[in-house]
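Undergrad: Sharing a structure, written as structure tokens. Questions coming.
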Amino acid sequence: MGSNGALYYLTTLLVYGGVDALACLGLSMQFGVAGVTNFGFIIFQAAGAYAAAALSMPGDSANGGFQSYIGGLNLPFPLPWIGAAVVGGLLALPFTFLVGRRLRGDFAAVGLLVTAVMANLLVTNYRPFLNGSAGLSLVPAPLQNSFDPQSSGYQWAYSAAAIGLAAVVFYLLHRLTESPYGRTLRAMRDNDVVADSLGKNLTALRLSMLVLGGAIAGLSGGVLVGFINLWAPSGWGYAETVVLFAAVIIGGAGNHKGAILGAILVPLGFEEASRFIPPIGSPGLIPALQWVAIGLLIIVFIWFRPEGVIPEKRRINLAFGLPASAPASAATDANDAWSLPGTATRASVTERPVQPLAHREQPSAASAQVVPDGDKPVLEAVDVARSFNGVPAVAGVSFALQRGRLTGLIGPNGAGKSTTLAMLAGTLPVTGGTIGYLGQDITTMPAYKRARGGLVRTFQLASEFKKLTVLENLLSAVPSQAGDSLHGALLGRRFWGADEDRATTEAVAMLERFGLTRYANHYAGDLSGGQRRLVEIMRALMASPTVLLLDEPMAGVHPHLAREMGQQLVGLCNEGMTIMMVEHELSIMDEFCDPVVVMAEGAVLAEGTMTQLRARSEVVEAYLVG
């Protein structure tokens, strides 16, 4: 290979590396950070390539009219590249509203894959659109009228432009990912239902990620087509998306540096290395084996190193004197009791009680239940019902929560308690009845709007964001953060830093009150069951709720500390918060809850104090006996 050939090969590798890095960064943001599994990602790159070609090419009657295509606007550089990014982003809009709102998770991924296959078939078989299966050729190189595209200077400049664009995109995505908005995206990735219950608009978040990733993919297609000067349907089959996913997974999902490394290792390095393998067997054997090897690589990494070569980093906050991590011995079994800092055994727990919320004096249970007569209900359910496939789970439930009261909700397993809480919070839609909140009918209001209005819930099973630290879990619930939007995140830390520091101060104070400061920088998923439950309660309190719906908050918590938590909940009610708590431990209901609602077989059986309920034979028969 001569010096000119070596130069061309090197610059080609650099351009391909920049293009692959752009594509992998876009997919990393969608899949690795936001949890949007886009198996149709390649069509956004293809759309960008076609858009850049159609914008830069002359009319289809040029060059003897051997090609048929729409567009042909012959626009100067850089308009074709800008158009490629715009088209890639705009293409995401129908995906969000036609697929994302109806389908989620794996179903959405399959829907996007099927759509990509259909788009390829359409472009292949309808020649007037983009010249059919033959594709587009003679696509003008950027600035070819002013410079020679075959010169070494042009080749180096093009490769520098491709790598420079990848660097700019990396910087912007890093800015997004390390902001409160990025934290919200990672929370949605970990558990979208919980994120929804904390006031996060999942549709808007997914829309922004599909548009952003689509724009980056479209830009990568525009850069590529300007370099290779042609584009055809055979170059963007669904298998190309598999290569990009392999790069992101192997490099490290959720880590943009890993995405770039994956782009170098897989689509660039791995595929280029296969070119040096001598011909073996039939002509198609080597390409086929290449796909087999890529598939095996994905399986190996998912099995042995799912975090990739460069794992997603744990975001440690050392401000406010927080420790980097708790001692190794601090991790406890999921069934162990929650322990305070410096306590190693259950016996020592009683020596150091939890500080009360807001450092106020502990009120007695009786003093918290004083509500002026005539107050209207804060939250009211009227004949609320829910069926699953025609089978009623909740049938005509009615009750009202008064301001400043800690209301209990009890009943045997399968009574419909958790389903009722889910309907009140909007996590599950009702199939009948109405729900009123602060005088407003919220029956059809989505969960995130209810949460933003102060109606917040926890879940029956521990629902922490596993790959967020404990401190990040708490910060994810703080409402109206300056950096918790795409626009705010792009403005940078100077815009949202002061707001983040205030929120962190509140979160650290919350950790101190519950004795979990030592775990601030631990992944929440690594804590014991009782500790994870406390993280969920603290996170809900960080959302500044008016009404707090707690689903078995004492599960997995030591009885002594459960009583301390009960006293803190009473203190919150004293300050005007309204709480409904599902709990199986009747002694907790006896001491802290008034009134208590009893459910059985999906309906309200009785309501009153525990003393009154014990005197009713139907309640005793349904629940209390045994």
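The values are calculated or read from the model by the stated rules, or taken from the named source; none is laboratory data. Being a predicted model, the structure only gives us computed values, none of them experimental. Note: ideal-geometry Cβ built from the backbone for every residue, glycine included; neighbour counts use all protein chains shown. SASA here: full protein model, heavy atoms, side chains in, ligands and nucleic acids out. Shrake-Rupley method; radii C 1.70, N 1.55, O 1.52, S 1.80 Å.
Undergrad: From the residues in the stretch 431-479 that are farther than 29 Å from Gly525 by Cβ and of a type in the set (Ser, Thr, Tyr), which one is most open to solvent (accessible area, probe 1.4 Å)?
TA: Per the stated criteria, the residue is Thr444.
Undergrad: Please give the number of the condition Ser587 fails out of (1) farther than 24 Å from Val382 by Cα; (2) touching an Asp or Glu at 6+ places or on another chain (Cβ under 8 Å).
TA: Status for Ser587: all satisfied but (2).
Undergrad: Moving to a separate point now. Filter the strands (runs of 3 or more DSSP E) completely within the stretch 542-624 down to those with at least 2 residues that are more than 24 Å from Lys449 (Cα to Cα), open to solvent by less than 30 Å² (accessible area, probe 1.4 Å) and modelled with pLDDT of 90 or more.
TA: Because the criterion is at least 2 residues that are more than 24 Å from Lys449 (Cα to Cα), open to solvent by less than 30 Å² (accessible area, probe 1.4 Å) and modelled with pLDDT of 90 or more, the strands (runs of 3 or more DSSP E) in the stretch 542-624 that meet it are 596-600, 603-608.
Undergrad: Name the single residue that is farthest from Met542 (Cα to Cα) among those in the stretch 463-486 being in a helix (DSSP H, G or I) and not polar (S, T, N, Q).
TA: Residue satisfying both the conditions and the ranking: Leu486.
Undergrad: List the residue pairs whose Cβ atoms are under 6 Å apart, where the first residue sits in the stretch 168-189 and is under 17 Å from Leu471 (Cβ atoms) and modelled with pLDDT of 95 or more, the second is crowded, with 22+ Cβ neighbours inside 10 Å and basic (Lys, Arg), and the two are 6 or more positions apart or on different chains.
TA: Thr184/Lys200
Undergrad: Taking the stretch 118-145 only, how many residues are open to solvent by 60 Å² or more (accessible area, probe 1.4 Å), assigned to a helix (DSSP H, G or I) and touching a residue at least 40 places away in the same chain (Cβ under 8 Å)?
TA: First pass over the stretch 118-145, keeping only residues open to solvent by 60 Å² or more (accessible area, probe 1.4 Å): 118, 121-122, 125-129, 133-134, 138, 143-145.
Those left that are additionally assigned to a helix (DSSP H, G or I): 118, 121-122, 125, 127-129, 133-134.
Applying the additional criterion that residues be touching a residue at least 40 places away in the same chain (Cβ under 8 Å) yields 127-129, 133-134.
Here the count works out to 5.
Okay, residues lined up against (1) within 27 Å of Ala543 (Cα to Cα); (2) touching a residue at least 24 places away in the same chain (Cβ under 8 Å); (3) assigned to a helix (DSSP H, G or I); (4) open to solvent by less than 40 Å² (accessible area, probe 1.4 Å):
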{"residue": "Met209", "(1), (2), (3), (4)": "yes, yes, yes, yes"}
{"residue": "Gly221", "(1), (2), (3), (4)": "no, yes, yes, yes"}
{"residue": "Leu244", "(1), (2), (3), (4)": "no, yes, yes, yes"}
{"residue": "Ile249", "(1), (2), (3), (4)": "no, yes, yes, yes"}
{"residue": "Gly254", "(1), (2), (3), (4)": "yes, yes, no, yes"}
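Undergrad: I need a count of the residues in the stretch 509-530 that are open to solvent by 10 Å² or more (accessible area, probe 1.4 Å), part of a helix (DSSP H, G or I) and not hydroxyl-bearing (Ser, Thr, Tyr).
TA: Going through the stretch 509-530 one residue at a time, the tally reaches 8.
Conditions (1) among the polar types (S, T, N, Q); (2) in a helix (DSSP H, G or I); (3) out of contact with any Lys or Arg (no Cβ under 9 Å at 6 or more places or on another chain), marked per residue:
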| position | (1), (2), (3) |
| --- | --- |
| Arg186 | no, yes, no |
| Lys200 | no, no, yes |
| Ala204 | no, yes, yes |
| Thr241 | yes, yes, yes |
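Undergrad: Hydrophobic (A, V, I, L, M, F, W, C) and more than 14 Å from Phe31 (Cβ to Cβ): which single residue out of Ile216, Ile250, Ile228 fits that description? Before the answer, list the steps.
TA: On the way: Ile216 fails: more than 14 Å from Phe31 (Cβ to Cβ); Ile250 fails: more than 14 Å from Phe31 (Cβ to Cβ).
Residue meeting the stated conditions: Ile228.
Undergrad: So Leu409 ticks every box in (1) open to solvent by 30 Å² or more (accessible area, probe 1.4 Å); (2) more than 30 Å from the chain's Cα centre (by Cα) but one. Which box is left unticked?
TA: It is condition (1) that Leu409 fails.
Undergrad: Does Asp373 satisfy being surrounded by fewer than 22 Cβ atoms within 10 Å (Cβ to Cβ), modelled with pLDDT of 95 or more and either not in a loop (DSSP other than H, G, I, E, B) or not basic (Lys, Arg) (or both)?
TA: No, not satisfied.
Undergrad: Also: With the condition kept exactly as written, say whether any residue in the stretch 169-187 is of a type outside the set (Asp, Glu), open to solvent by 30 Å² or more (accessible area, probe 1.4 Å) and more than 16 Å from Val33 (Cα to Cα).
TA: No, the stretch 169-187 contains no residue that is of a type outside the set (Asp, Glu), open to solvent by 30 Å² or more (accessible area, probe 1.4 Å) and more than 16 Å from Val33 (Cα to Cα).
Undergrad: Still on this structure, please answer the following. Could you please find all residues in the stretch 256-290 being exposed (fewer than 13 other Cβ atoms within 10 Å of the Cβ) and either at pLDDT 95 or above or not small (Gly, Ala, Ser) (or both)?
TA: Across the stretch 256-290, the qualifying residues are Arg275, Phe276, Ile277, Pro278, Pro279, Ile280, Pro283, Leu285, Pro287.
Undergrad: Continuing with this model, one more query. Could you say which residue among Ala23, Ala6, Ala47 is closer than 19 Å to Asn120 by Cβ, open to solvent by 10 Å² or more (accessible area, probe 1.4 Å) and either in a helix (DSSP H, G or I) or not basic (Lys, Arg) (or both)? It would help to see each step written out before you state the result.
TA: Numbers: Ala23 fails: open to solvent by 10 Å² or more (accessible area, probe 1.4 Å); Ala6 fails: closer than 19 Å to Asn120 by Cβ.
None of the others qualify; the one that does is Ala47.
Undergrad: Restricting attention to the stretch 148-168, which residues are open to solvent by 50 Å² or more (accessible area, probe 1.4 Å) and assigned to a loop (DSSP other than H, G, I, E, B)?
TA: Correct list: Asp148, Gln150.
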